[in-house]
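One structure is given here, and the rest of the page talks about it.
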Amino acid sequence: MDAAVLTEPGTPVFGSFDEPVAGPDQVVVDVRVAGVNPVDVATAAGTFVTRPPFPSVAGREGVGTVGGRRVYFNGCVAPFGSMAQRTLVPARSLFDVPDALDDGLAVALGIAGLAAWLPLQWRARLQPGETVLVLGASGVLGQVAVQAAKLLGAGRVVAAARDAASLQRLAGLGADATVDLGGDLPVAELADRIRTAADGGVDVTIDPLWGAPALAAVGAARRGMRHVQIGHSAAATAELAAGGFREAMVDLLGYTTRHVPADVVAAGWTELTGHAAAGRIAVEVERVPLADVARVWERQVASAHRKFVLVP
């Protein structure tokens, strides 16, 4: 079958791979679209928690069919991956896709979408009327987080990113104010900009960046702010001063979807996809033939502001 094949750490290449055969409690999925994510790049490079065997097929998530049932899946049985005509997944890991929901948007709501929705709803326990700051808002996760915050009752949503064009678009997706993270501003000045945009301070921060943006967010915190740390695409470390962190009584909350209870993830998927099927969540999706995987990989590494999906 056609697949995006990894024979060494790095970029997968379009080629052939063995057909999957289901074992106990496994199913073969006919793949309709496969998502491309930062975690796929990190896994293929050997820098993520889990490392792929070689050879193997790249990719973790996708939408496909099993016996006529349209499903979303995340997590394939090695050495198979989502970027192929068919893949092998645990039978218990399938989520139904609403009839009205496009395949590409469904994939965008998987790894990225759940990492936006659940940190707000389940980890931070966002309350109606609170102010939410979304760092790295130009990415797919950030785009969903801006819209999700509004759906969950946020009174004010601030979108922060380095890409000016994306910030303009986020204003149309529900952001009440935007902050440009470009220019390498001093942390104190950036904190002032965030505080002004937040109209006094931030109650909840969604943070896939860490580094200086995280420090600025803490500097703009209202007392009791919940800072949900999701990733570190800006920096792996941040020197957090004790005084301001303590004075604002900030709760620093780590988050990764793989440690969230399965029933919580399933409920989040149902709510999130229900909103999207009703037209309340939008993400720019670009479909690309599987044969062009190497080109799309380069674009993903260069920081995409849309969801790439590969079509076998």
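Summary of computed values
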quantity	calculated
Within the stretch 138-163, tally of residues that are at pLDDT below 95 and over 22 Å from Ala108 (Cα atoms)	0
Every residue from the stretch 205-246 that is of a type in the set (Asp, Glu) and in contact with a strand residue (DSSP E or B) (Cβ under 8 Å, 6 or more places away or on another chain)	Asp207
Enumeration of residues in the stretch 131-156 that are among the β-branched types (Val, Ile, Thr) and under 17 Å from Leu118 (Cβ atoms)	Val132, Val134, Val140, Val144, Val146
Strands (runs of 3 or more DSSP E) (entirely within the stretch 22-104) containing at least 1 residues that are of a type in the set (Phe, Trp, Tyr) and modelled with pLDDT of 95 or more	69-74
Test: Gly153 is in contact with a helix residue (DSSP H, G or I) (Cβ under 9 Å, 6 or more places away or on another chain) and in the same structural domain as Leu181 (by TED's automatic domain parsing)	no
Test: residue in the stretch 171-193 that is surrounded by 24 or more Cβ atoms within 10 Å (Cβ to Cβ) and assigned to a helix (DSSP H, G or I)	no
Failed item, numbered, when Trp210 is tested on (1) aromatic (Phe, Trp, Tyr); (2) surrounded by 24 or more Cβ atoms within 10 Å (Cβ to Cβ); (3) on the phi > 0 side of the Ramachandran plot	(2)
Residue count, the stretch 115-161 (criterion: in a loop (DSSP other than H, G, I, E, B) and of a type in the set (D, E, K, R))	2
Enumeration of residues in the stretch 213-224 that are outside any helix (DSSP H, G or I) and buried (at least 20 other Cβ atoms within 10 Å of the Cβ)	Ala220, Ala221
Scope the stretch 19-39; condition within 14 Å of Ala78 (Cβ to Cβ) and buried (at least 20 other Cβ atoms within 10 Å of the Cβ); matching residues	Pro20
Of all residues making up the stretch 128-137, the number that are small (Gly, Ala, Ser) and either under 15 Å from Val228 (Cβ atoms) or modelled with pLDDT under 95 (or both)	2
Selection within the stretch 182-211 - of a type outside the set (D, E, K, R), farther than 15 Å from Arg156 by Cβ and free of Cβ contacts under 8 Å to residues at least 40 places away in the same chain	Gly182, Gly183, Leu185, Pro186, Val187, Ala188, Leu190, Ala191, Trp210, Gly211
First in the stretch 278-298 and closer than 18 Å to Pro98 by Cα and surrounded by 13 or more Cβ atoms within 10 Å (Cβ to Cβ), second anywhere and of a type outside the set (Lys, Arg) and at pLDDT below 95, Cβ under 9 Å, 6 or more apart	Ile281/Leu173; Ala282/Leu173
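Every residue, every condition in (1) under 19 Å from Arg123 (Cβ atoms); (2) surrounded by 11 or more Cβ atoms within 10 Å (Cβ to Cβ), yes or no:
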| position | (1), (2) |
| --- | --- |
| Arg226 | yes, yes |
| Gln229 | yes, yes |
| Glu239 | no, no |
| Gly244 | no, yes |
| Tyr255 | yes, yes |
| Ala262 | yes, no |
| Gly274 | no, yes |
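The values are calculated or read from the model by the stated rules, or taken from the named source; none is laboratory data. None of these values were measured; they are calculated from a predicted model. Methodologically, a virtual Cβ is constructed for each residue, glycine included, from the backbone with ideal geometry; neighbour enumeration extends over all protein chains shown.
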